[in-house]
Structure formats: C-alpha cells, structure tokens
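The values are calculated or read from the model by the stated rules, or taken from the named source; none is laboratory data. All values derive from a computational prediction rather than experimental measurement. Don't worry about glycine lacking a Cβ; one is built from the backbone with ideal geometry, like all the others, and counts go over all protein chains shown.
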Amino acid sequence: MKKWILLVIVLILIGGFAYWQMNKPVDEEAVDDINKSSGHTETADWQDYTNVVLGYKITFPATFKAYSEMTGDELELKNDAKSIFMSDKDSATGFMISQSSTGGDNITQAFAEQMNRSDTEDIYANDNHFIYDQSTRHYFIVVNDNLLVIQFLANTDDDWQYISNLVLDSFTIVD
C-alpha cells in the first residue's frame, strides 16, 4: 500500500512540474538570445532586390552588401545587373546570382541537360523549380528565357544551409 501512495505522490509531482513548465511565461529576451546565437534573424530590416533584366526578386538581411567579385570593393546594387554578388563580410556568408553561359544551347536544352545529370536533384522552393548540382553545389533555374545559376558562400554547412534557404525561400520570378 505504501508503494501505491508513493507512486501517486510521484505522479502528482511529475504532473505538477509538467503543468508548471507548459504554463510559465516565455522570457522574450532569452528567445531573442537563442535566435541570435543560432543564426536566426528577424526579417523586419531585410531588403528587397528586384532584377528587372533577369526577372527575379529576392529578400536579404540589411547587413548584406554588393561586392565586386574581382576586387572585393563594395558596389552599388543596381536593378539591371547581369550578375550580383552579395555578402555579409562579418559572417563570411554570401551568394551570387548570374546568368549561366549555355555554350550555344538554348535555355530549355541547357536546363534539361542539368536535370538529366546523375549528380543533380530537383528542388522546389517558394513555388519555383530549381535544379541542384550536388558536385558544384550550384542551383539552376529558368527565369524569363534566362538560365540563372545561384552559388552560395559559407564557412560551415550550417551557414551554407542558412544562406541557401534564405535566398531560395525568398526567390520570386517577376515579369
């Protein structure tokens, strides 16, 4: 009988502790600290970029700036660039979106060739169809008769995953 009473008391204590954990107020500062340390950021200060020539729009953190691939100098981000290279120099993450050279093939053939390679996979993000080349870690997408290639820069796989999700999830085709 004593065992049953002890068991009931333990179950009541466990249930009370679980109820308290589920109903205690959330410490917003602690959540913000966790988000900052895990690389998640608020999107309120993010910037939109629309490329009118290549026909796409993306959103990225305000800390990202446009840089020259050749010199590393900061550039003005223009809405008609054939290629952009964006980076957050503090975190060493970035991305490049450019028109892919198709070697004389038409866009449909070039995209189909990417799809048929053994080291590629189809990726769908934000209602867009990308081809992911596993060997180069580049993404390809057809946008308004252009074959675009998207490349990511990061020091760790977590940073690479973060930046690739950031760009692909915000990528929108515009007319």
Exactly one of ASP73, ASP27, ASP80 is modelled with pLDDT under 90 and within 30 Å of ASP127 (Cβ to Cβ), and that residue is ASP80
From the option list ASP88, ASP122, ASP127, single residue qualifying as at positive phi and among the acidic types (Asp, Glu) is ASP127
Given (1) modelled with pLDDT of 90 or more; (2) in contact with a Gly (Cβ under 8 Å, 6 or more places away or on another chain); (3) surrounded by fewer than 16 Cβ atoms within 10 Å (Cβ to Cβ), ASN144 misses just (1)
Do we have GLU113 as more than 22 Å from TRP46 (Cα to Cα) and either polar (S, T, N, Q) or outside any strand (DSSP E or B) (or both) here?
yes
If we keep only residues of region 116-141 that are loosely packed, with under 13 Cβ neighbours inside 10 Å and part of a strand (DSSP E or B), then the residue nearest to the chain's Cα centre (by Cα) is TYR124
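Quick one: would you say ALA125 is among the small types (Gly, Ala, Ser) and within 29 Å of ASP158 (Cβ to Cβ)? Steps first, answer last, please.
Details: among the small types (Gly, Ala, Ser): yes; within 29 Å of ASP158 (Cβ to Cβ): yes.
In short, yes.
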